[in-house]
1. Rounded to the nearest whole Å², what accessible area per residue is found for the chain with the 1.4 Å probe?
2. Give me the orientation-averaged projected area of the Cα convex hull of segment 15-71, in nm², one decimal.
3. For every helix of n ≥ 4 consecutive DSSP H residues, a contribution of -39,500 (n - 2.57) applies; sum these over the chain, divide by its total residues, and give [θ] at 222 nm rounded to the nearest 500 deg cm²/dmol.
4. If one takes the longest principal axis of the Cα atoms in the chain, at what angle in degrees, from 0 to 90 and to the nearest 10, does the Cα axis of helix 81-92 lie?
5. Post the alpha-carbon centroid distance, segment 90-141 to segment 14-34, in whole angstrom.
6. Among 27, 37, 92, which residue has its Cα positioned farthest towards the positive end of the charge dipole of segment 21-105, with +1 placed on the Cβ of Lys and Arg, -1 on the Cβ of Asp and Glu, and the dipole taken about the Cα centre?
7. Using unit Cβ charges (K, R positive; D, E negative) and no other charged atoms, how large, in debye to the nearest 20, is the dipole of the chain about its Cα centre?
8. Let me see the pair-distance distribution of segment 1-105: every alpha carbon pair, 10 Å bin width, integer percents in order.
Amino acid sequence: MQPPPNPPSNLIDGRAIAAQLHAETAQRVAALRSRGVQPGLVFVRVGEDPASRVYVGMKERMSAKLGLNSTTRVLPESTSETELLALIAQLNSDPAVHGILVQAPLPKHMRQEVVYASVLPQKDVDGFHPLNVGKLLLGDRTGFRSCTPAGVQELLIRSQVCTEGAEVVILGRGEIVGKPMAAILCQKDRHANSTVTICHSRTRDIAAHCRRADILIAAMGVPEFVRGNMVKPGAVVIDVGVNRVADPAAPEGSRLVGDVAFAEVQPVAGKITPNPGGVGPMTIAVLMQNTVRAAEMAVS
Ligand code: GUN
């Protein structure tokens, strides 16, 4: 007798969707290379933050796999802001470098906004330069969009989640995810057109906001903050959080969890991102797309 079929999964498979994007990007890399152009991407990492080391390593491996010319410049924690700005100026003027990514967080003695404003906007594949942030808000698609929120939008599109008229609740107002996510989904665009609420540390009764969300995007950095009773049945739940929590039973004494209590929320949600394997791969996929577009624009 045949075993019963598995119940339909409500998981949004970020790895599979990122693989689709990578396949598209690889074709564009091949087209550039046939014209004698290899997209160049430089990662700049300051200090030895363990999470940043892992993230930059993952991004660099994917760049190599797609045939980009990527290098990582590692500077000591003691580097001055002036020294970092000098390196960025050198990369800005190097025609073989199409994209520059300065990994956040930066050491406390550096002014993040000054550093990000020093990257040439046309090489700012992270989408953190004020010009690109402004273009995002204006709905001007000639700029670069921050990779994680752009990746979340792509996940929603490719998972057939309709955002038009949807109540979207975003938890977190950070510059990297929360704010640009809101800017993307409130645009007048068929893949946006949402009614967006941003909740943050001063919001009264976050749970009440969460419960009316059709799409709930958790990006506040609080381990397993979203519980099952905070989610409207059938809602789409996107977990952007990556939090390291102590766990004496884990081999390293700690483990990673998202901002969503997955085991409780999955049975309530209509669709949900696993974590890992949801948003993370999409961030990298958009970074690769942005870099290839930077190279295409540089030679067009
Ligand atoms: N740190 C966490 N997310 C990001 C990102 O998307 N870009 C950079 N540069 N740093 C990060």
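The values are calculated or read from the model by the stated rules, or taken from the named source; none is laboratory data. Just so we're clear, the structure is a prediction, and the values are computed from it rather than from any experiment. No Cβ is skipped: glycine too gets one built from the backbone with ideal geometry, and neighbour counts run over all protein chains shown. These area figures cover heavy atoms from the full protein model, side chains too; ligands, DNA and RNA do not enter into them. Shrake-Rupley method; radii C 1.70, N 1.55, O 1.52, S 1.80 Å.
1. With the other protein chains kept in place, the chain gives 49 Å² per residue.
2. Result: a mean projected hull area of 4.2 nm².
3. -12000 deg cm²/dmol
4. Helix 81-92 sits at roughly 80 degrees to that axis.
5. For segment 90-141 versus segment 14-34, the Cα centre distance is 23 Å.
6. It is 27.
7. 440 debye
8. Whole-percent P(r) values from 0 Å outward: 12, 33, 28, 15, 7, 4, 1, 0.
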